[in-house]
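A.B. asks: Structure below; questions to follow.
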Amino acid sequence: MANPKYAEATREIPQPVEVGSLGDGTKLMRRAPRQRACGLKDEKGKMCAGHLKRWYFFGEELKSKFGPEAELYRCEKCKSVYLPNQQETPRSGTLCY
């Protein structure tokens, strides 16, 4: 049953796309535009909602796939790895004030 407090979405909401998995079973996802929290669901259907943090110290498997300077994000709860969205500009540059 729909919640009468909120209107139905009039446009399609972009979702993260599963790209594959790593050797240890960790899911590899591509982020949706401007995504900040993990959207994966567990066995019970409950959403993870862990924050996606920039991950600098990843293992050799990811280094061999994407390079040592890759822009990767990891969920702080379920540890899923997210690749950046291709439509967004990279956020790996230095900060300018």
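The values are calculated or read from the model by the stated rules, or taken from the named source; none is laboratory data. Being a predicted model, the structure only gives us computed values, none of them experimental. We place every Cβ from the backbone using ideal geometry, glycine too, and count neighbours over all the protein chains shown.
A.B. asks: Give the number of residues within the stretch 25-80 that are on the phi > 0 side of the Ramachandran plot and of a type in the set (Ser, Thr, Tyr).
C.D. replies: Within the stretch 25-80, residues that are on the phi > 0 side of the Ramachandran plot and of a type in the set (Ser, Thr, Tyr) number 0.
A.B. asks: May I ask you to verify whether residue 29 is touching a Lys or Arg at 6+ places or on another chain (Cβ under 8 Å) and among the aliphatic types (A, V, I, L, M)? Break it down stepwise before answering.
C.D. replies: Details: touching a Lys or Arg at 6+ places or on another chain (Cβ under 8 Å): no; among the aliphatic types (A, V, I, L, M): yes.
So residue 29 does not fit the description; no.
A.B. asks: In addition: Within the stretch 42-58, work out how many residues are touching a Leu at 6+ places or on another chain (Cβ under 9 Å) and modelled with pLDDT under 90.
C.D. replies: Going through the stretch 42-58 one residue at a time, the tally reaches 0.
A.B. asks: Residue pairs, Cβ under 8 Å, 6 or more apart or interchain, first in the stretch 67-92 and free of Cβ contacts under 8 Å to residues at least 12 places away in the same chain, second of a type in the set (Asp, Glu) and surrounded by fewer than 12 Cβ atoms within 10 Å (Cβ to Cβ). List them.
C.D. replies: As it stands, the answer is none, since no pair meets every condition given.
A.B. asks: Still on this model: State yes or no: is residue 70 closer than 19 Å to residue 14 by Cα and not charged (D, E, K, R)?
C.D. replies: No.
A.B. asks: So if I check each of 70, 49, which one is under 17 Å from the mean Cα position of the chain (by Cα) and under 21 Å from residue 23 (Cα atoms)? Step through it out loud before you land on a result.
C.D. replies: Values: 49 fails: under 21 Å from residue 23 (Cα atoms).
Of the residues listed, the single one that is under 17 Å from the mean Cα position of the chain (by Cα) and under 21 Å from residue 23 (Cα atoms) is 70.
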